[in-house]
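One structure below.
The values are calculated or read from the model by the stated rules, or taken from the named source; none is laboratory data. The model shown is predicted, which means the values in this text are computed figures rather than measured ones. Glycine gets a Cβ as well: all are built from the backbone with ideal geometry, and neighbour counts include every protein chain shown.
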Amino acid sequence: MSQVAQTILQQMGGNMFITMTGARNFLATENAITMQIAPNAMGVNYVTITLNGKDLYDMQFWRMRSGEKILHREANDIYFDQLCEIFTTETGLYTKL
């Protein structure tokens, strides 16, 4: 896993985040991480978090249905301390106790 992907996962809460959200099937690239998450009220089942050129994060929330990937919401230029709050708002899943 790339250093950026590891940092994103750590900023989201590390193992606690994985446990609380059912995150799995991680795909790391040079500047991003994509993961599948547990079923939730918003219908979002994939999330991509990307480190952008401004040293901030972009988040995309996807719905995968019948092999079709549909963008549900997107949030741009997010500070690291806002990642968990936006994740919870868009998925309804808590990242920590």
Here the residues within segment 1-40 that are of a type in the set (A, V, I, L, M), free of Cβ contacts under 8 Å to residues at least 40 places away in the same chain and within 21 Å of Glu74 (Cβ to Cβ) are Ala5, Leu9, Ala23, Leu27, Ala28, Ala32, Ile33, Met35
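Does Asp58 meet the test of being over 13 Å from the mean Cα position of the chain (by Cα), of a type in the set (D, E, K, R) and at pLDDT 95 or above?
Numbers: over 13 Å from the mean Cα position of the chain (by Cα): no; of a type in the set (D, E, K, R): yes; at pLDDT 95 or above: yes.
Here the answer is no, as Asp58 does not meet what is asked.
Out of all the residues in segment 77-97, which are among the hydrophobic types (A, V, I, L, M, F, W, C) and closer than 20 Å to Thr19 by Cβ?
Just the residues of segment 77-97 that are among the hydrophobic types (A, V, I, L, M, F, W, C), to begin with: 78, 80, 83-84, 86-87, 93, 97.
Once the filter is applied, which keeps residues that are among the hydrophobic types (A, V, I, L, M, F, W, C) and closer than 20 Å to Thr19 by Cβ, segment 77-97 yields Leu83, Cys84, Ile86, Phe87, Leu93, Leu97.
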Assuming Gly67 fulfils every condition listed in (1) modelled with pLDDT under 95; (2) closer than 14 Å to Thr91 by Cβ apart from one, which condition is it?
-> (2)
Return yes or no: is Asn40 under 20 Å from Phe26 (Cα atoms) and either β-branched (Val, Ile, Thr) or touching a Leu at 6+ places or on another chain (Cβ under 8 Å) (or both)?
-> yes
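Can you name every residue in segment 79-97 that is more than 18 Å from Tyr46 (Cα to Cα) and either acidic (Asp, Glu) or at pLDDT 95 or above (or both)?
Of everything in segment 79-97, those that are more than 18 Å from Tyr46 (Cα to Cα) and either acidic (Asp, Glu) or at pLDDT 95 or above (or both) turn out to be Tyr79, Phe80, Asp81, Gln82.
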